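The values are calculated or read from the model by the stated rules, or taken from the named source; none is laboratory data. What you see is a predicted model, and the numbers here were worked out from it, not measured in a lab. Every residue, glycine as well, gets a Cβ built from its backbone with ideal geometry; the counts of neighbours run over all protein chains shown. Surface accessibility is based on the protein's heavy atoms, side chains included, excluding ligands, DNA and RNA. Shrake-Rupley method; radii C 1.70, N 1.55, O 1.52, S 1.80 Å.
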Amino acid sequence: MPYRLLIDGALVPGASSIDVVNPATGQVLMQAPRADEAQAEQAVAAARQAFPGWAALGYGRRSTLLDALAGAIEERIDDFARLLTQEQGKPLAEARGEVMATIAALTYYAQLELEPRVLRETAAERIVEQRYPLGVVAAITPWNYPLLLLMVKLAPALITGNTVIAKPAPTTPLTTLLLGEIAADILPAGVFQTLVDQNDLGALLSRHPDVAHVSFTGSTPTGKKVLGSAADTLKRFTLELGGNDAAIVLDDADVAKVAPRIFRGATTNAGQICLAVKRVYAPRGMVDALCAELARLAGEAVVGDGLEQGTTIGPIQNRAQFEKVLGFIADARENGTIVAGGDALPGEGYFIAPTIVRDLPDDARLVREEQFGPVLPVLGYDDLEDAIARANDSDFGLGGTVWTSDVERGMAVASRIESGTVWVNKHLELPFDVPFGGAKQSGIGRQQGIEGMEDFTQPRIVNAALG
Ligand code: NAD
């Protein structure tokens, strides 16, 4: 049976439907229900109605229900993982990893509580900061990690007492719909709902007067639109946007050791990670050795259908992005030297061989823009100061990495990178208790950690005279 939308506690068909394509085959995988504006309005009204009751339940009861939801997802891990590979493309083991992380996020937040904070207590007065939920939250997500990126919004929003409407990207709606079907039996009507669109309901939700918070993860251009839509009602918002993260390799680094980590950082999920390594700066004398090692790793990668055993890199998630990445490669071929990959694989799937490029000028598209695909430019530097300046010369500021044999030196360089997260000798580690967010045009606000929870609440100062 096709998946259904979850609106006001009921699993319902869409007003129409959309085709969901399996990027490994280029063929329609299945149809998904598409909501119209009337269904979106119905969902907002139901979320609003459910809000006071859900907020009044308190942390203890909400925690029990979220734990029950985590248990129900756990029972369906294999279904989720397979569906995720089919709609998104990532290798099955990575899909399973995403499902496990989704459960871990839910379990983590289900145990947390925002306690009131006593700011001052004297014989004369008591000043306390309380936090109360905002109301209806719209969780708008992209297509690279459809399940995990939803859960890091859903879990903190629900545990703090908000109700949530999830709106996935139209090319990866299925795992969100499956989550809705499971939640329908566990959460009260209107507390969590799913709306699938064709890129047309995000704006409606972002400007809706009854939506109190928009938690958005996606591209910087769309994030700017959300910011504009939210202005009219001054609603709260979190924007997790694009990145162009630099990896800076220091002259004391061991190439054989760092190359596989950089390669993984650039090609996991076929490079479709906001925090992927998107450009590498290496000492000029190290560029030959690093490129040779990266090219060897690119040659060893197994690009294919994520359901096939042995696949290490799956397809690009959708045709539009596939063509965009090929455009970056064409530009790189004209302006630099391709040392590995450089082509799409034959067939109907959206496969691109991992591609390593060198000798590009700093103003090349692949250096300035976000490629969001398995294509990595390696740039030489003569002077570390120059490398830091070039790494920071970007409108983006999401993440970054530093690779070295001397961790103190690495930390000193990391402290000069204008980004929300900088790793030294590690990458893509985002513990749920550590806040995460972008600098510059990579975002506004924080997700994860206590700060991420607080984002879904309004602080209220209660200031009382005693005696
Ligand atoms: P996108 O901006 O095209 O779409 C994201 C979501 O926004 C989709 O659900 C889409 O339907 C919706 N949307 C479209 N128009 C809208 C509007 N006017 N108002 C509100 N919502 C609207 O992004 P994408 O192509 O799906 O995802 C890739 C991008 O996401 C990359 O730039 C990547 O770096 C970024 N990303 C960022 C993070 C992070 O945490 N910073 C994580 C993952 C991905």
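Conditions (1) crowded, with 17+ Cβ neighbours inside 10 Å; (2) within 15 Å of the ligand (Cβ to nearest atom); (3) of a type outside the set (Gly, Ala, Ser), marked per residue:
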position	(1), (2), (3)
362	no, no, yes
371	yes, yes, yes
374	yes, yes, yes
377	yes, no, yes
381	yes, no, yes
386	no, no, yes
391	yes, no, no
405	no, no, no
411	no, no, yes
Could you grab me the full set of residues in segment 15-38 that are out of contact with any helix residue (DSSP H, G or I) (no Cβ under 7 Å at 6 or more places or on another chain) and part of a loop (DSSP other than H, G, I, E, B)?
23, 24, 25, 26, 35, 36
Please determine whether any residue of segment 444-460 is within 16 Å of the ligand (Cβ to nearest atom), farther than 21 Å from residue 129 by Cα and out of contact with any Pro (no Cβ under 8 Å at 6 or more places or on another chain).
yes
Can you say whether residue 28 is outside the structural domain of residue 313 (by TED's automatic domain parsing) and under 29 Å from residue 134 (Cβ atoms), as far as the supplied structure shows?
no
Could you run through segment 187-217 and say how many residues are touching a Pro at 6+ places or on another chain (Cβ under 7 Å) and on the phi > 0 side of the Ramachandran plot?
1
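So which of 257, 278, 224 ends up being assigned by TED's automatic domain parsing to the domain that holds residue 364, within 16 Å of the ligand (Cβ to nearest atom) and among the basic types (Lys, Arg)? Steps first, please.
Details: 257 fails: within 16 Å of the ligand (Cβ to nearest atom); 224 fails: assigned by TED's automatic domain parsing to the domain that holds residue 364.
One residue alone meets the criteria, 278.
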Write out, first by first residue and then by second, each pair whose Cβ atoms fall under 7 Å of each other, whose residues are 6+ apart or on separate chains, and whose first residue, in segment 393-411, is without any contact (Cβ under 8 Å) to a residue 40 or more places away in the chain while the second is open to solvent by 10 Å² or more (accessible area, probe 1.4 Å) and outside any strand (DSSP E or B).
407/425
Residue in segment 364-377 that is outside the structural domain of residue 148 (by TED's automatic domain parsing), without any contact (Cβ under 8 Å) to a residue 60 or more places away in the chain and farther than 20 Å from residue 261 by Cβ present:
yes
Among the residues of segment 39-58, what is the count of those that are out of contact with any helix residue (DSSP H, G or I) (no Cβ under 9 Å at 6 or more places or on another chain) and open to solvent by 70 Å² or more (accessible area, probe 1.4 Å)?
5
Quick check on segment 259-272: of everything there that is open to solvent by 10 Å² or more (accessible area, probe 1.4 Å) and of a type outside the set (Phe, Trp, Tyr), which residue is nearest to residue 345 (Cα to Cα)?
267
Which ones in segment 71-116 are in contact with a helix residue (DSSP H, G or I) (Cβ under 6 Å, 6 or more places away or on another chain), open to solvent by 10 Å² or more (accessible area, probe 1.4 Å), of a type in the set (D, E, K, R) and closer than 17 Å to residue 428 by Cα?
96
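Consider segment 146-185. How many of its residues are within 23 Å of residue 274 (Cβ to Cβ) and not in a helix (DSSP H, G or I)? Steps first, answer last, please.
Quick first cut of segment 146-185, residues within 23 Å of residue 274 (Cβ to Cβ) only: 146-157, 164-176, 179.
If we keep only those that are not in a helix (DSSP H, G or I) as well, we get 146-147, 164-173.
So the count comes out to 12.
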